[in-house]
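Colleague: My questions will all concern the structure given below.
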Amino acid sequence: GQNIDQPTEMTATEGAIVQINCTYQTSGFNGLFWYQQHAGEAPTFLSYNVLDGLEEKGRFSSFLSRSKGYSYLLLKELQMKDSASYLCAVRVQTGANNLFFGTGTRLTVIP
Amino acid sequence: ETGVTQTPRHLVMGMTNKKSLKCEQHLGHNAMYWYKQSAKKPLELMFVYSLEERVENNSVPSRFSPECPNSSHLFLHLHTLQPEDSALYLCASSLTGLATDTQYFGPGTRLTVL
C-alpha cells in the first residue's frame, strides 16, 4: 500500500518563511506533486519533483529526497492569500496516471 | 473559459434519488479522472478514463457509475447512495492517461446524502 504523511495544520506569520514536510512510503515511485487548495476551490498545481534536489518557482520551492522518502514545500515572504491546504501527492508506476494523496496541511497565515 | 468545470457545485440528495455529476474540460486533454475528497481523509482516485476508455476503477461501489461520452466530458451517475458517500467529488484532466502528466482539477461538487 501507499503511505503519505504530512502535518494536519500549521500557522505562520505574514512575511515569514514556512516549510511543509511530506514523508512517503510507496512502491514504484514516479514523482511527487504539491497542490494548493483554497477552501471550496479546485486543487491547483504548484510543483513536481521526480529527481532529488530543489525546484524553485518564485516564492515557492519544493525539495525531494528519494532515498529518504521525503519532500518539503517551502513558502517564502508569506502573504495572507497563502492561507490554504497544501496537498502532497505521490505518483506510482502503474498503467494509469495514479496519484496517491496525503490528507493535506492546512496553513493559516496570520498578520 | 475556465480549464475544468463541474456542475452542480452543490447537491443534496436522498438515498433513493438518482442524480448525475458533470465535468467538462476545455484544455484539449485526453484523460479524465474522478476523485472523492472526504473530510480529514486523503483524496481518493475513483476512476480514470483515457481516450474515452476506462483504464482504472479503484474498487468503487457500483452505486457510482461513470460515463465518458467524449474526451471533453465526464459524468458520474449516482443512485441509492449512502450517507457516508457525502463528500467533495473532484474531476481532473491531463493530457494523456499515462503516468507522466500533470493533472488539473475542477472546483468539485459538494455532495450531501441525507
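The numbers here are math on the coordinates, done by the rules we state, and not lab data. Computed from a predicted model, the values in this text were never measured in an experiment. As a convention, Cβ positions derive from the backbone with ideal geometry for all residues, glycine included, and neighbour counts pool all protein chains shown.
Colleague: Other chains' Cβ within 10 Å of B:105-111 residues: what's the mean?
Modeller: That works out to 3 on average.
Colleague: Taking 8 Å as the Cα distance limit and 6 or more residues as the minimum spacing, I'd like the relative contact order of chain A as a percentage. Numbers along the way, then the final one.
Modeller: Values: 282 pairs, mean separation 40.7, N = 111.
Rounded, it is 37 percent for chain A.
Colleague: With +1 on the Cβ of every Lys and Arg and -1 on the Cβ of every Asp and Glu, and nothing else charged, how large is the dipole of the protein assembly as shown about its Cα centre, in debye rounded to the nearest 20?
Modeller: In total the dipole reaches around 380 debye.
Colleague: Select from A:T8, A:V90, A:Y35 the residue farthest towards the positive end of the dipole of the protein assembly as shown; place +1 on Cβ of Lys and Arg, -1 on Cβ of Asp and Glu, and compute about the Cα centre.
Modeller: A:T8
Colleague: Please list, in order along the range A:25-38, the HN-Hα scalar couplings obtained from phi with the Karplus expression 6.51 cos²θ - 1.76 cosθ + 1.60 (θ = phi - 60°), rounded to whole Hz, x for Gly and Pro.
Modeller: These are the phi-based 3J(HN,Hα) values: 9, 9, 9, x, 4, 9, x, 10, 10, 10, 10, 10, 9, 7 Hz.
Colleague: Same structure, new question: If the cut-off is 21 Å between C-alpha atoms, which lysines fall inside it for B:K36, apart from same-chain ones fewer than 8 positions away?
Modeller: The qualifying lysines are B:K18, B:K19, B:K22.
Colleague: Continuing with this model, one more query. Which listed residue (B:P83, B:Q25, B:P61) has the Cα farthest towards the positive end of the charge dipole for chain B, taking +1 on Lys and Arg C-beta and -1 on Asp and Glu C-beta about the Cα centre?
Modeller: Final value for the positive-end residue is B:P83.
Colleague: How would B:L43, B:L74 line up from fewest to most surrounding beta-carbon atoms within 10 angstrom? All intermediate terms of the calculation are to be shown ahead of the outcome.
Modeller: Values: B:L43 24, B:L74 28.
Listing B:L43, B:L74 from fewest to most nearby Cβ atoms yields B:L43, B:L74.
Colleague: Tell me, what is the percent relative contact order of the range B:17-114, built from C-alpha pairs under 8 Å that lie six or more residues apart?
Modeller: 33
Colleague: How big is D for the protein assembly as shown, in µm² s⁻¹ as a whole number, if Stokes-Einstein is applied with the Kirkwood radius of its Cα pairs at 37 °C and 0.692 mPa s?
Modeller: Values: Rh = 18.0 Å.
Using the Kirkwood radius from Cα pairs, D works out to 182 µm²/s.
Colleague: Moving on. Where does each of A:L75, B:L51 land when they are ranked from fewest to most other beta-carbon atoms within 10 angstrom? Show your work: numbers first, answer last.
Modeller: On the way: A:L75 21, B:L51 12.
If I rank by nearby Cβ atoms, fewest first, I get B:L51, A:L75.
Colleague: Then there's this: Positive end of the charge dipole of the protein assembly as shown (Lys, Arg +1 and Asp, Glu -1 on Cβ, about the Cα centre): tell me which of A:N49, B:S38, A:L73 has its Cα farthest that way.
Modeller: Towards the positive end, the residue furthest out is B:S38.
Colleague: Next up: With 10 angstrom as the radius, rank B:M15, B:M46, A:M80 by how many other C-beta atoms surround their C-beta, starting from the fewest. Kindly include the intermediate steps, with their values, before the conclusion.
Modeller: Values: B:M15 13, B:M46 20, A:M80 10.
Least crowded to most crowded, the residues run A:M80, B:M15, B:M46.
Colleague: Nearest 20 debye, what's the magnitude of the dipole of chain A about its Cα centre given +1 on Lys and Arg Cβ and -1 on Asp and Glu Cβ?
Modeller: 180
Colleague: In debye, nearest 20: dipole of the range B:21-81 around its Cα centre with unit charges on the Cβ of K, R (+) and D, E (-)?
Modeller: 360
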